[in-house]
Amino acid sequence: MMFKYIPYHRKMFILTFLLLITESVLGLESVFAQTSAGGFRVSLSEAVQFAKSQNKWVQAARVEESAAGEDRHDAYQAALPTVNVSSSYQRFSDLTLYTQGLRNAKTGPRKPTPNAASLGIDALFNIYNGGRQRAFQKEQTSREYLAKLNADDQSGNIGLQTASQYLDLVRLADLKRFVLDQLNRARTRLVSINALYKNQKVTKSDVLRAQVMLSNVELSLQQTVNDISIANQRLDVLMNVPDSVRLIPTDSAGMSKPKPDSLLQIIERAGVSSYGVRKAAENVALQQARVSGIKSNNKPSLAFYTAYGLNYPNNLFFPPVDQAYSIGFVGLKAQYNISSLYHNKSKEAAGKLRIKELELQRQATADNVATDINSYYVKYIEALHRIEVNQRSVEQSQVNYRIVSTKYFNQLALLTDLLDADNLYQESRFNLIKAQTDALTIYYHILYTSGNL
C-alpha cells in the first residue's frame, strides 16, 4: 500500500479548515441546544437577541453605521494641512522666429537649454475659515449618530418581528396539540357512535355527522402543520439560519408576563427614548450644523501656506542661465467673498426655516409615540384581563363538554349539542393561548415603541 505525501503547508491548511468548521458548529450549538429530533430548542429571548445581531438587514445597517464613522473621521482629517508634491520635465524643440509676418524664419536652439525640469513641495493649512470646518465636523458627527440610530431601530424592528413570529410559532404548536386532542376525541366518538348505531340506538345521520367532524379535524391538523412549517421558515430568515433548521420554542404561551405597573417608567420616557423621537431630534441638530456652515460663508478665511522647489534652468534672471536653483517661501493668505453677503442670504433663511420644520416634526413624532405607547399599554391591560376570562372559560367549557358527552351517550342530548360543546371547548383553549401570545406581542410592541428593544 502506498501513501501519498502531503506537504506541510497543505496539512496546516486542512487542519485550520477543520478547526474553523468545528468552532462554527460549537458556536451554533452554544446558542441552540440540539434535540434528538433534529431541531434546535431556543427561548424567546435567545431568538430575539440572535436575530438582532445576525439578521441581514441589521448587518447592512451596521455596515452603513461603520461607513458613516469613516466619513466622520474623514471630516476631522480634513483639518490637517494639505501637502502636495509635484515634478515635471520638458524637452523643448528648436525655436523658430519670424519677421515680416511669416517670412524670413530663423531657427535655433532654445536658450539657455532645451531642457527644463522642476521638483517641489507645497503645503496649505487653514488657520480660520469662519467655522466652516467645525460645522462640517458636527454635520458628519450627526450623520454617524443617525446611522447608529437607524441601525438600532432596524435591530429593534427585527427583534419585534422575531418575537411576533416566535409567539406565532408557539401559538401554532399549542394549536397543533389541541387539534390532536380533538382528533383523538373525534375518533373515539366515532367508534362509540358506530357501536350505538349497530345497536340501533342512534340514526345513520349521527354516524355521517361524526365522520364529517373527523374529516374536518384532520384537515385542520394538516393546515396547522403547514402553518408551522411556514412560520418556522420565516423565523429562520429573520434569524439568518439555514431554512432546513427546525426551531423548537422552549417558552410557552403561559410564561410570566410583566405587571402593568412595571411598565409605567418605560411609558413615561417613551417621548424621549423612542427611536423615532431621537432620530427627529438628531435631524434638527444636523440641520443646525448645516446652517452654521452656510453662515461661515459670510466670514473671511485665513490660511498659512508654504512651498519649496528645485527648478532648472534659472529663469529668475534675464537672460536665463543654464543652471539649477532652489527656492522656497512662507506666507499668509487672507480671503473674503464679498458676494456671499447676497448669495447666502436666502440660503441661510431657508436653512432656518427647515430647522423650524424639523422641530415641528420632532414634536409631532413625540405626540404619535405618546399616543401609540398609551394605546399599547391599555391593550396590554386588556389582554391580561382577557387571559383571566379565558382561563375560566376553558374550565367551564371542559366541564360542559363532559356533561353533554355523558348526556349524549345516555340518549339525553343530541349529537349537535355534543359537537357544539366540543367546538366550544376547542375554541376556548385556543382563545386562551391567543390571549397569552397577544399579551406578549403587545409587550414587545411597547419595548420597541419606547426604544428599549
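Quick note: the coordinates plus some simple rules give every number you see, no bench work behind them. Nothing here was measured: the structure is a model prediction, and the numbers come from that model. Positions of Cβ are generated from backbone atoms using ideal geometry, with glycine treated the same way; all protein chains shown enter the neighbour counts.
Annotation: lysines with alpha-carbon distance below 26 angstrom to K204 (same-chain offsets under eight excluded): K407. Summarising the overall dimensions of the stretch 193-292 from its C-alpha atoms, the Rg and Dmax are 28.1, 95 angstrom. Available extension along the chain between Q49 and Q398 is 121.8 nm, counting 0.36 nm per residue and deducting the alpha carbon span. The eigenvalues of the Cα gyration tensor, multiplied by 5 and square-rooted, give the chain an equivalent ellipsoid with semi-axes of 80, 33, 19 Å from largest to smallest. Extension gain, R269 to Y342: 0.36 nm times the residue separation minus the Cα-Cα distance gives 21.8 nm. Between I121 and K299, the C-beta separation translates, for a Förster distance of 45 Å, into a calculated FRET efficiency of about 0.90. Seen against the Cα atoms of the chain and their longest principal axis, helix 345-409 is set at about 20 degrees.
Backbone amide hydrogens, once placed in the peptide plane, bring I248 within less than 5 Å of F40, R41, V42, excluding anything fewer than 5 places away on its chain. Within a straight-line Cα-Cα reach of under 29 Å, K379 can be paired with the following lysines, leaving aside sequence neighbours fewer than 8 residues apart in one chain: K52, K176, K257, K259, K279, K434. Taking a straight line from the alpha carbon of K198, not one of the lysines sits under 16 Å away once near neighbours fewer than eight places off in the same chain are left out. Label sites at R110 and A67, each approximated as a point 7 angstrom past Cα along Cα to Cβ, lie 4.7 nm apart. Based on Cα atoms of the stretch 321-453, Rg over Rh with Rh as the Kirkwood radius reads 1.65.
Output the 0 to 90 degree angle, nearest 10, between the alpha-carbon long axis of helix 132-198 and the longest principal axis computed from the alpha carbons of the chain. Orientation of helix 132-198: about 20 degrees from the principal axis.
For the stretch 385-428 versus the stretch 151-203, the spacing of their alpha-carbon centroids is 16 Å.
The angle between the Cα long axis of helix 8-31 and the main principal axis of the chain comes to about 50°, on a 0 to 90 degree scale.
How large is the translational diffusion coefficient of the stretch 146-206 in µm² per second when you combine the Kirkwood radius over alpha carbon pairs with Stokes-Einstein at 25 °C and 0.890 mPa s? Walk me through the numbers on the way to the answer.
Details: Rh = 15.6 Å.
Answer from the Stokes-Einstein relation: 157 µm²/s.
Taking θ as phi - 60° and the Karplus parameters 6.51, -1.76 and 1.60, the scalar couplings of the stretch 264-271 work out to 4, 5, 4, 5, 5, 8, 4, x Hz in sequence order, x denoting glycine and proline. Computed from the C-beta positions of K333 and Q77 and an R0 of 22 Å, the FRET efficiency is 0.55 to the nearest 0.05. Sketch the reach of a paramagnetic label on D367 as a point 7 Å from Cα along Cα-to-Cβ, and name the residues of the stretch 277-304 whose backbone nitrogen lies under 18 Å away. Output list for this probe position: 277-278, 280-281.
First select every other residue whose beta carbon is under 15 angstrom from the beta carbon of Y448; then total the charges, Lys and Arg +1, Asp and Glu -1.
Values: positive: K52, R269, R278, K279, K379; negative: D152, D153, D372.
Charge balance in the 15 Å sphere: +2.
Report Rg/Rh for the stretch 159-244, rounded to two decimals, where Rg is the Cα radius of gyration and Rh the Kirkwood radius. Walk me through the numbers on the way to the answer.
Numbers: Rg = 18.6 Å, Rh = 15.0 Å.
Expressed as Rg/Rh, it is 1.24.
Of interest is the spacing of the C-alpha centroids, which for the stretch 312-335 and the stretch 46-95 amounts to 38 Å.
Taking 0.36 nm per residue of sequence separation and removing the Cα-Cα distance, the E427/T406 pair yields an extension gain of 5.5 nm. A Förster distance of 60 Å, applied to the separation of the beta-carbon atoms of D261 and K201, puts the FRET efficiency at 0.55.
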